[in-house]
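Trainee: This structure is in structure tokens; I'll ask about it shortly.
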Amino acid sequence: AYTTAAPLSTIGRFELDAQVAGRSAPEPYQALMRGVSPEYRQVLGVPLVSGRDLEDRDTQQAPQVALVNETLARLSFGTESAIGQQLLLPLGQGARKPFTIVGVMKDHRNRGPRAAVQAEIWLPFDQAPWVGVSFVAASPLPAVQVQQALERAIASVAPEEAATRQFALADDVRDQTGLTSLLGRILLGFALCALFLAASGVHVLTALVERARIPEFGLRLAVGARPGQLAR
């Protein structure tokens, strides 16, 4: 798939103030906006909550449509359905352009695992083109092989173009969560040490109590106590 801005990337990503048609002022929040191809949602595995997905028929000649996330639908429409509602977006010069919401997708953290979920709008790439494009591929092959295949595909179509950055999304996530993971492992190490010390202390204390009671145990065995009772 392809998009104006890759996940977790700030290049090609826009924040804008959306306005619901029929309302006199923009909504009191900034929404993330990106243009995407019809396959983008499936490649990322973002569930569709209601409505339909962006499709190949959503071209420049077709009515302008949008896919929004649950946060935007809740902030702008509350419990009312967002499907069929129109958003007026400040794209390009002139008046705001109307986009009809055709689907609502599940919330996901497009700005990183530590950032809060933000209102988000996806537009068909053909209806919101940009000078740059990011290709997104999901594959069981190693990342190096996938990158080489993408480079060959791009060169076969546009040999004068070059990729400015290539990365695996898992690596970007790992970079953002590396410090947290390290701290978690350190805390786990301290917790295991504390558990070991506590278990050793209980063992030593129990052994001392048992040794101190040896004469008592011998006397109780002599008068008929069973070993199992003494162990308990």
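The values are calculated or read from the model by the stated rules, or taken from the named source; none is laboratory data. Please read all numbers here as calculations on a predicted model, not as lab measurements. Positions of Cβ are backbone-derived with ideal geometry, glycine not excepted, and every protein chain shown enters the neighbour counts. Each accessible area value is taken on the protein alone, full model and side chains, heavy atoms only, with ligands, DNA and RNA left out. Shrake-Rupley method; radii C 1.70, N 1.55, O 1.52, S 1.80 Å.
Trainee: Under the Karplus relation 6.51 cos²θ - 1.76 cosθ + 1.60, θ = phi - 60°, what is the ordered set of whole-Hz ³J(HN,Hα) values for the range 129-134, x standing for Gly and Pro?
Mentor: x, 9, 5, x, 9, 10
Trainee: Pairs of Cα atoms under 8 Å, at least six residues apart: use those to get the relative contact order of the range 1-123, whole percent.
Mentor: Result for the range 1-123 is 32 percent.
Trainee: Quick one, can you get me the convex hull of the C-alpha atoms of the range 54-151 expressed as volume per residue in Å³? Can you show the working numbers first?
Mentor: Values: hull volume 15.4 nm³, N = 98.
Residue-normalised Cα hull volume stands at 157 Å³.
Trainee: Note down the relative contact order for the chain as a percent, whole number, built from C-alpha pairs under 8 angstrom at least six residues apart. Mind showing how you got there, number by number?
Mentor: Numbers: 316 pairs, mean separation 51.4, N = 232.
Here the relative contact order equals 22 percent.
Trainee: Calculate for the chain the 222 nm mean residue ellipticity that helices alone would give, adding -39,500 (n - 2.57) per DSSP H run of length 4 or more and normalising by residue count, nearest 500 deg cm²/dmol.
Mentor: When only DSSP H runs of four or more count, the value is -12000 deg cm²/dmol.
Trainee: Let me see the pair-distance distribution of the range 92-192: every alpha carbon pair, 5 Å bin width, integer percents in order.
Mentor: 2, 8, 12, 14, 16, 15, 14, 9, 5, 3, 2, 1, 0
Trainee: So what does log10 I(q)/I(0) come out to for the range 1-99 at q = 0.12 Å⁻¹, using the Debye formula with one equal point on every Cα and no solvent?
Mentor: With no solvent term, the Cα-only Debye profile gives -0.41.
Trainee: On to the next question. What does the extension gain come out to for GLN61 and VAL204, with contour length at 0.36 nm per residue minus their alpha carbon separation? Intermediate results must be reported in sequence, preceding the final value.
Mentor: Numbers: separation 143, 0.36 × 143 = 51.48 nm, distance 8.10 nm.
Here the segment from GLN61 to VAL204 would lengthen by 43.4 nm.
Trainee: Among GLU15, GLU70, GLU216, which one shows the biggest mean-square fluctuation in a GNM of the chain, springs joining Cα atoms closer than 10 Å?
Mentor: Most flexible of the set in this elastic network: GLU216.
Trainee: For the chain, give the percent of accessible area contributed by carbon and sulfur heavy atoms, probe 1.4 Å, rounded to a whole number.
Mentor: On the way: 8730 of 14460 Å².
Its accessible area is 60 percent carbon and sulfur atoms.
Trainee: Same structure again: Translational diffusion coefficient, Stokes-Einstein: compute it for the range 137-232 using the Kirkwood radius over C-alpha pairs as Rh, at 4 °C and 1.567 mPa s, and state it as an integer in µm² s⁻¹.
Mentor: Numbers: Rh = 20.3 Å.
Estimated via Stokes-Einstein, D reaches 64 µm²/s.
Trainee: Are there any chymotrypsin sites (Phe, Trp or Tyr not before Pro) in the range 44-137 that are in a DSSP loop and have at most 13 other Cβ atoms within 10 Å? List them by number.
Mentor: none
Trainee: Once both axes come from the Cα atoms, what is the angle between helix 169-212 and the longest principal axis of the chain, in degrees from 0 to 90, rounded to 10?
Mentor: 10 degrees
Trainee: For the chain, what value does the Rg/Rh ratio take when both radii are computed over Cα atoms and Rh is the Kirkwood radius, given to two decimals? Could the numbers behind the result be given before it?
Mentor: Numbers: Rg = 30.3 Å, Rh = 22.4 Å.
My calculation puts Rg/Rh at 1.35.
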